[in-house]
Amino acid sequence: MIAGTRPDLGLHEAKAVLARRMAEITPPEPPVRLPGQRPLVVLLGGPPGSGKSTTQWLLQASLGANSVAVYDLDDDITAHPRYDAIMRARGMRGADDIAINLPRGMMVRCLEHLRHGEPQYDVIASAPLHRVPLATNWVDGFRRENYRVALAYVVTHDANCQLGRAARYQQALDDTGIGRWVRPELGAQAFRLVPDTAQELECLSYVDDLYVVDRDGYVLYENHRTAEGLLPEPWLVKESILAERNRPPTAAEHEQFLATAVPLLERGDALAAPVIGEVRAAMDKHEARGAPRPRELVLPGRLDQRVSDLRRITGAGIAAPSVHLGRSDGARGPGSSRHVPGHARDR
């Protein structure tokens, strides 16, 4: 094995990786919080390719880009000192090879860095959160430190998730020569498990605030802990997730899907077999959704606006003004303040 493509880390390298990642996620400015105000965390869940990065970017812009910490589990691998070389040498296996060689407990130590010290940062954190034990573990870590915990699941049709993962990989590969490939079975597993996990978390009143949002960040459903300490019935989070997944696309969504899928399909076998296979499967699923229809639901607002209002009302986080960024159907904002080769952002 070429030394420059070794995924395993020496002791000093492991310490350096952790230090680098902590520095990356630490905001340049400390939070400004009145005495007694609780810190706030917004957890973003959903399968890879659902579009979590759009909502993450909206929240970061609204809550304070310089003082709110953003932690994305997927980005841990970019702190590896040989990230670029390994990704180029190992192709689709590169991300997995790096991930299993990161320092033990890296995620927990990064989150502890943000929530346990002085100051306690407000946090936006992103991960699939598709299993109950995983989701409750994330929540517990923040709840122990007196955070108000909001959880939002980003929801879209399986065809969009599947195409999003393949297109993200190929775009990064075209732009930089490397791309982070998500194994299809992992994406499918997360997609399958999210509805029941969200339902159990709601029934257990496990978070303070629970949201379902579409891939443009618009709130489809929300539930909030009452003075009695519970998320009140009726519990409709699973129903809301399935309704958004199963509705026909709008005309704008249909055109956006085709604008992404058709150029990839035209490249055909010039793409790696797993990529073109995912695109073709996504197209089949999209066609099965039926003809486009107008969206009848009147959406109450975007998550970034709702969370800004929430923390002013509840005294959690920093009382920052809402930032109203106009909606553009099909548009995608950046998902992070920095760009990493091979890490295009459409989660």
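A short reminder: the numbers here are calculations on the coordinates, not readings from a lab. Small disclaimer: the values here were computed from a predicted structure and weren't measured. Virtual Cβ from ideal backbone geometry, glycine too; neighbours counted across all protein chains shown.
Quote the FRET efficiency, to the nearest 0.05, computed for Leu204 versus Ala281 with a Förster distance R0 of 41 Å and r equal to the Cβ-Cβ distance.
0.75
Under 17 Å from the 7 Å Cα→Cβ point of Thr26, by amide nitrogen: which residues of the stretch 138-160?
Output list for this probe position: empty.
As an exercise, use a Förster radius of 51 Å and the Cβ-Cβ distance of Glu13 and Ala291 to find the FRET efficiency, rounded to the nearest 0.05.
0.40
At 7 Å along the Cα-to-beta-carbon direction for both Asp175 and Glu266, put a label point, then send me their distance in nm to one decimal.
The modelled label-to-label distance comes out at 2.1 nm.
Need the full-extension length gain, Arg247 to Ala99, defined as separation in residues times 0.36 nm minus the C-alpha distance. One decimal, nm.
49.7 nm
Taking K and R as +1 and D and E as -1, what net charge do the other residues with C-beta under 11 Å from the C-beta of Phe257 add up to?
That works out to -1.
Based on Cβ point charges of +1 for Lys and Arg and -1 for Asp and Glu, what charge dipole magnitude is obtained for the chain about its Cα centre, in debye rounded to the nearest 20?
Using only the charged Cβ atoms, the result is roughly 500 debye.
Based on the alpha carbon coordinates of the stretch 1-112, what radius of gyration and maximum Cα-Cα distance (Dmax) apply, in Å?
16.4, 55
For the chain, set up a Gaussian network in which alpha carbons nearer than 10 Å are linked by springs, and say which option among Ala150, Ala127, Ala252 fluctuates the most.
Ala252
Label point 7 Å out from Asn66 along Cα-to-Cβ: which residues of the stretch 18-39 have amide N under 14 Å?
27-32, by backbone N distance to the label point.
Taking P(r) over Cα pairs in 20 Å bins from 0, in percent as the quantity of interest, determine which of (i) 30, 59, 11, 0; (ii) 23, 46, 29, 2; (iii) 29, 55, 15, 0 was computed from the displayed structure.
(i)
List Arg93, Arg311, Arg33 from most exposed to least, where exposure is judged by having the fewest other Cβ atoms within 10 Å.
Ranked by crowding around the Cβ, least crowded first: Arg93, Arg33, Arg311.
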